[in-house]
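Enquirer: Sharing a structure, written as structure tokens. Questions coming.
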Ligand SMILES: [Ca+2]
Ligand SMILES: [Ca+2]
């Protein structure tokens, strides 16, 4: 192209482009940061208000698992499993007790079925108070979202559910009165129907926001991850994970470490070289059949206390 290229050289374009990308990225972070902070990681050693529990008192299995597959966040997820219809297991938090349902602006999660019937998926629900403004604080059962009413739940893949989206006849059902007259298990409600029927409903206080599997399921194993709940447009995302490995630096050991001498003190001075095993420093006199490779920076003191010695090419 013939033309005036004095204004910007190609390098200038590159620089300008990088600056623009950085500025736009900053704006994107600022924009997203207004709603979404970093996920809260929930691990066995740091549950951040969550707890697994046996919901029926008949056993079952629960805990943080690796995978399965590729979870939507991190490398692990929360696992729930039951062996028969009497068992029910759950993972819940009391962090949202008392929250009015009409203040909930986001409520999504992902689930994965390892095994179980075609309708089964870890559900998301909560202990419900159908009117948080009255004086009745008695237990009124739970309001539960189950994906299968309006979705095909798959085995062996992660699926994400937006529980607030009004699809078909809805996915929310009530286990207790008065909700079970409007949203029985055989005819669930959409979220908007729940809000219309019970405009002052909320998560019971005391009460939990709960992942659940079982209570009438012949057998099931599955996982959940990446729960996002928004209250007044302030979103919190929970990432369920196993604990970190105890020795995260183990991979820093050179792969040849096992071929090294067992202890530094067993390495003899070679050709007049003396070695300080603590500092890695070396000094020597005369002709050296071996050298310590390029001084201290390359004398790798392995975690086992060994050295790396290398013969100089002649
Ligand atoms: Ca009430
Ligand atoms: Ca995870």
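The values are calculated or read from the model by the stated rules, or taken from the named source; none is laboratory data. What you are looking at is a predicted structure, and each value in this text was computed from that prediction instead of being measured. With ideal geometry, Cβ positions are generated from the backbone for all residues, glycine too; neighbour counts draw on all protein chains shown.
Enquirer: Within the range 242-254, does at least one residue satisfy the condition of being closer than 30 Å to residue 94 by Cα, at pLDDT 95 or above and within 16 Å of ligand 2 (Cβ to nearest atom)?
Expert: First, the residues of the range 242-254 that are closer than 30 Å to residue 94 by Cα: 242-246.
Subsequent filtering for residues that are at pLDDT 95 or above retains 242-243.
The next check asks that each one be within 16 Å of ligand 2 (Cβ to nearest atom); those that pass are 242-243.
Yes, some residue in the range 242-254 is closer than 30 Å to residue 94 by Cα, at pLDDT 95 or above and within 16 Å of ligand 2 (Cβ to nearest atom).
Enquirer: Name the residues in the range 156-188 that are surrounded by 18 or more Cβ atoms within 10 Å (Cβ to Cβ) and in a loop (DSSP other than H, G, I, E, B), would you?
Expert: 163, 164, 170, 171, 175, 183, 188
Enquirer: Sticking with this one: Within the range 117-136, restricting attention to residues that are within 11 Å of ligand 1 (Cβ to nearest atom) and surrounded by 13 or more Cβ atoms within 10 Å (Cβ to Cβ), which residue is nearest to residue 182 (Cα to Cα)?
Expert: 130
Enquirer: For the range 91-108, how many residues are in contact with a strand residue (DSSP E or B) (Cβ under 7 Å, 6 or more places away or on another chain) and either over 21 Å from residue 54 (Cβ atoms) or at pLDDT below 95 (or both)?
Expert: 11
Enquirer: Given the conditions (1) away from ligand 2 (no atom under 16 Å from the Cβ); (2) in a strand (DSSP E or B), and given that residue 153 satisfies all but one, which numbered condition is not satisfied?
Expert: All conditions pass for residue 153, except number (2).
Enquirer: Please count how many residues of the range 148-175 are closer than 19 Å to residue 116 by Cβ and free of Cβ contacts under 8 Å to residues at least 60 places away in the same chain. Spell out how you get there, then give the answer.
Expert: Start the filter on the range 148-175 by keeping residues that are closer than 19 Å to residue 116 by Cβ, which leaves 148-161, 171, 173.
Pick out the ones that are also free of Cβ contacts under 8 Å to residues at least 60 places away in the same chain and you get 148-155, 159, 161, 171, 173.
Going through the range 148-175 one residue at a time, the tally reaches 12.
Enquirer: Right, another one. Name the strands (runs of 3 or more DSSP E) wholly within the range 52-126 that hold at least 2 residues that are in contact (Cβ under 8 Å) with a residue 12 or more places away in the chain and within 30 Å of residue 200 (Cβ to Cβ)? Explain how you work it out, then say what you get.
Expert: Values: elements: 61-66, 76-82, 88-93, 104-116.
The qualifying strands (runs of 3 or more DSSP E) are 88-93, 104-116.
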